[in-house]
1. Put a dot 7 Å past each Cα toward the Cβ at E118 and A339; how far apart are the dots in nm?
2. Sort M272, M1, M204 by Cβ crowding within 10 Å, fewest neighbours at the top.
3. Can you pull the one-decimal nm distance between simple spin-label points at D139 and E61, each 7 Å off the Cα toward Cβ?
4. Take the alpha-carbon centre of the range 296-326, take the same for the range 151-199, and report the distance between them in whole Å.
5. If you keep only loop residues by DSSP, which GluC sites (Glu not before Pro) in the range 160-206 have at most 10 other Cβ atoms within 10 Å of their Cβ?
6. Calculate, in nm to one decimal, what T378 and I14 gain on full extension: separation in residues at 0.36 nm each, minus their alpha carbon distance.
7. Give the lysines whose C-alpha is closer than 25 Å to that of K196, dropping any in the same chain fewer than 8 places away, or say none.
8. Please find the FRET efficiency linking A100 to D265, where r is the Cβ-Cβ separation and R0 is fixed at 30 Å, and quote it to the nearest 0.05.
Amino acid sequence: MAKCAVCEHVRPCIAIEVLADDIAEILYNFYGTDPVIRTCGAGDLGRYIRAGNPLALIVAEMLECDDNEGSVTAAIVELLTVCSEYDLKRGGEPRFEADALYMRRSIRPTEVEEKWQEFKNGVMHRSRFFNDHGKAFLDWLFKGIHHLKDENSQEVVRLFEVEDGWELYRGRYCPPSSDPKNILVSPETELAAPPKEKARAGRMNPVGVPVFYGAFDRDTCIAELRPSVGGMVLTGAFQLLRDARVLDFGVLENIFDSQPMSCFDPAYRMNMERRQFLRTLHSKISSPVTPDQEHEYLLTQVIAEYLSTQVEPPIDGVMFASVQHQDGINIVLFSRVLAIIPYQERTEDDPIIGNGPFPSGLAYIPDTLEAHKIGCVTFEVEPLVINGDIVIRDWRYEQDPYGEWDY
């Protein structure tokens, strides 16, 4: 306890020199001087601007203190930018430049990426059924997932309520030589998720575990099937019969921390790495897998099972961007949505459970069956041969997905 030199109250205090040293360490680790940005205009007509904020503003925001006269901020800035005459004579320099502009650098989640690779290798090549290290990693990664939101306050885990009337589409591909009669006669069963005896492994399920793979529109549904020319795709609409919690990876990509973390927290860097990594999880989940690399689905299968069984309250499905149809959104509903569940009492922890017993949580909407004849298929291609030379993309020089600067 000591008497504060600013407010003159007796409180737990810190020497301003020590505080300045702590702030200097934060600046070294998480901030950098502004890059010079060239605006439009050719030759001498081009203008150069400087981005960033003065050191005093950075320090004031960092301290979040009620410093109307700026005395605390000014004192710390002086300690950060001053260099004693003794040091100057010996070639010393101030720790920071008084007239420079500073910007927060993005934190690359290198340590979390290493943990992700360890998790991936452990699941795929060591122990996939009893993996304590893998579960511990997912516990840490998805901690508090129900409370995350984006800048528009859209929650990462969205509640799809029956009364909202959501329509989800699912399709079946019929090759030219096949007969679609069974689908035409019984679309409610033929278009639904397969029974467990016929459930094949997919992006979000192992063999024998049925899930519902669908989309929010028919075009995405058709594109995801990657049909051949001359074939036919039959699509139908389904509706929810009970509310479902769905993790939206698109929202996760844009999460915003409504309660900013303090950069004085020793765990600040790791927490920031976690948040940055979660923003990239969408691309990892939705990346395409070729038929000969289907073992890559094991990772997403484990994540799906974890979300469905290890998170409280449980998550009923996920939604993510389609890689086959621009702006399309896929949705996967886990087996717990499809299963018939017995009577359960409503609780405060799980308010969407009502009185039962319940039928399956998903049902076909009558008279929504449509047939689509596949006339042509288009592709987006990237040239890899220019002037007779094969061009191989070097991913080391691709744009950094985390960015150098955190605008």
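Coordinate-derived values only; no laboratory data. Remember, it's a predicted structure, so these values are computed and weren't measured experimentally. Using ideal geometry, Cβ is built from the backbone for each residue, glycine included, and neighbour counts are taken over all protein chains shown.
1. In this crude label model, A339 to E118 measures out at 3.2 nm.
2. Working: M272 21, M1 6, M204 26.
If I rank by nearby Cβ atoms, fewest first, I get M1, M272, M204.
3. Each label point lies 7 Å from its Cα, and together they span 3.6 nm.
4. The two parts, judged by their Cα centres, are 16 Å apart.
5. Details: sites: E161, E163, E167, E188, E190, E197; in loops: E161, E197.
Listed in order of number, the matching sites are E197.
6. Details: separation 364, 0.36 × 364 = 131.04 nm, distance 6.59 nm.
My answer for the length gained is 124.4 nm.
7. K181
8. Details: r = 26 Å, r/R0 = 0.87.
That pair, A100 with D265, gives E of 0.70.
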